[in-house]
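Asks: Got a structure here, written out as structure tokens. Questions coming.
The values are calculated or read from the model by the stated rules, or taken from the named source; none is laboratory data. Please read these numbers as outputs of a predicted model, since none were measured by experiment. For neighbour counting, all protein chains shown are included, and Cβ atoms are generated from backbone atoms with ideal geometry for every residue, glycine included. Ligands, DNA and RNA are excluded from the accessible area calculation, which covers all protein heavy atoms including side chains. Shrake-Rupley method; radii C 1.70, N 1.55, O 1.52, S 1.80 Å.
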Amino acid sequence: MPLTTEPPASEEAVPPLTRPQLAEARRMRAAELFDQGDHSQAEIARILGVCADSVRRGKRLWEQGGVAALRRRPPTGRPPKLAEEQVKQVRAALEQGAQAHGFASELWALERVGLVVERVTGVELAPASVWRLLTVRLDWSLQRPQRTAAERDESEIARWVAHEWPRIKRGH
């Protein structure tokens, strides 16, 4: 049977926990240990792999507000301009390619993506927000086209390597 890193078809892949989820899980485990009363704060810190100050802070919160005080809070700040459904629409539009949207080449630039976002969703984004959309929400990365000379002739290069280079290397 061949080795594979893919999970069997019957199992669904479980995404790894995010950093905030891991931190909340540690806090919940700390609350269980506080509740048991069998461990010192230093022992709890060692068990959880955190510093003693974090345990002291967590215990103070737990004493004041219980387990609820240790739960994750929703992110602060302005909510995203694009809802998740709109992001899916943008992804589908971008995957059609730049030429499908009337651009001369297949290269995506922030300005072009911003225009497509505005056409698809009606939402105007600043270039920094377009970048965040591409890199964070769509998980795209920066790709630069490889530059090659227009005069480059691959067959002539292959001929030179096969015939001229060995002659030069031999010194004849």
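Asks: Answer yes or no: is there a residue in segment 147-161 that is part of a helix (DSSP H, G or I), under 30 Å from ARG78 (Cα atoms), open to solvent by 80 Å² or more (accessible area, probe 1.4 Å) and at pLDDT 90 or above.
Replies: Residues of segment 147-161 that are part of a helix (DSSP H, G or I), as a first pass: 154-161.
Narrowing the set further to residues that are under 30 Å from ARG78 (Cα atoms) leaves none.
No, because not a single residue in segment 147-161 is part of a helix (DSSP H, G or I), under 30 Å from ARG78 (Cα atoms), open to solvent by 80 Å² or more (accessible area, probe 1.4 Å) and at pLDDT 90 or above.
Asks: While we're on this one: Filter segment 122-144 for residues that are under 22 Å from the mean Cα position of the chain (by Cα), assigned to a loop (DSSP other than H, G, I, E, B) and exposed (fewer than 10 other Cβ atoms within 10 Å of the Cβ) and give the result. Can you show your working first?
Replies: So in segment 122-144, the residues under 22 Å from the mean Cα position of the chain (by Cα) come out as 125-144.
Filter once more, keeping what is assigned to a loop (DSSP other than H, G, I, E, B): 125-126, 138-144.
Of everything in segment 122-144, those that are under 22 Å from the mean Cα position of the chain (by Cα), assigned to a loop (DSSP other than H, G, I, E, B) and exposed (fewer than 10 other Cβ atoms within 10 Å of the Cβ) turn out to be ASP139, SER141, LEU142, GLN143, ARG144.
Asks: Would you check which residues across segment 40-61 are surrounded by 16 or more Cβ atoms within 10 Å (Cβ to Cβ) and not hydrophobic (A, V, I, L, M, F, W, C) and list them?
Replies: Residues satisfying the conditions are GLN41, SER54, GLY58, LYS59.
Asks: While we're on this one: Is segment 62-78 home to any residue that is touching a helix residue (DSSP H, G or I) at 6+ places or on another chain (Cβ under 7 Å), open to solvent by 70 Å² or more (accessible area, probe 1.4 Å) and closer than 14 Å to GLU24 by Cα? Outline the logic, then answer.
Replies: Taking segment 62-78 first, the residues touching a helix residue (DSSP H, G or I) at 6+ places or on another chain (Cβ under 7 Å) are 62, 67, 69-72.
Add one more test, that the residue is open to solvent by 70 Å² or more (accessible area, probe 1.4 Å), and what stays is 71-72.
Filter again for closer than 14 Å to GLU24 by Cα, leaving 71-72.
Yes, segment 62-78 contains a residue that is touching a helix residue (DSSP H, G or I) at 6+ places or on another chain (Cβ under 7 Å), open to solvent by 70 Å² or more (accessible area, probe 1.4 Å) and closer than 14 Å to GLU24 by Cα.
Asks: Also, quick follow-up: Inside segment 90-120, can you point out the residues that are under 24 Å from PRO79 (Cα atoms) and open to solvent by 30 Å² or more (accessible area, probe 1.4 Å)?
Replies: At the first step, the residues of segment 90-120 found to be under 24 Å from PRO79 (Cα atoms) are 90-94, 110-120.
ARG91, ALA92, LEU110, GLU111, ARG112, LEU115, GLU118, ARG119, VAL120, listed by residue number.
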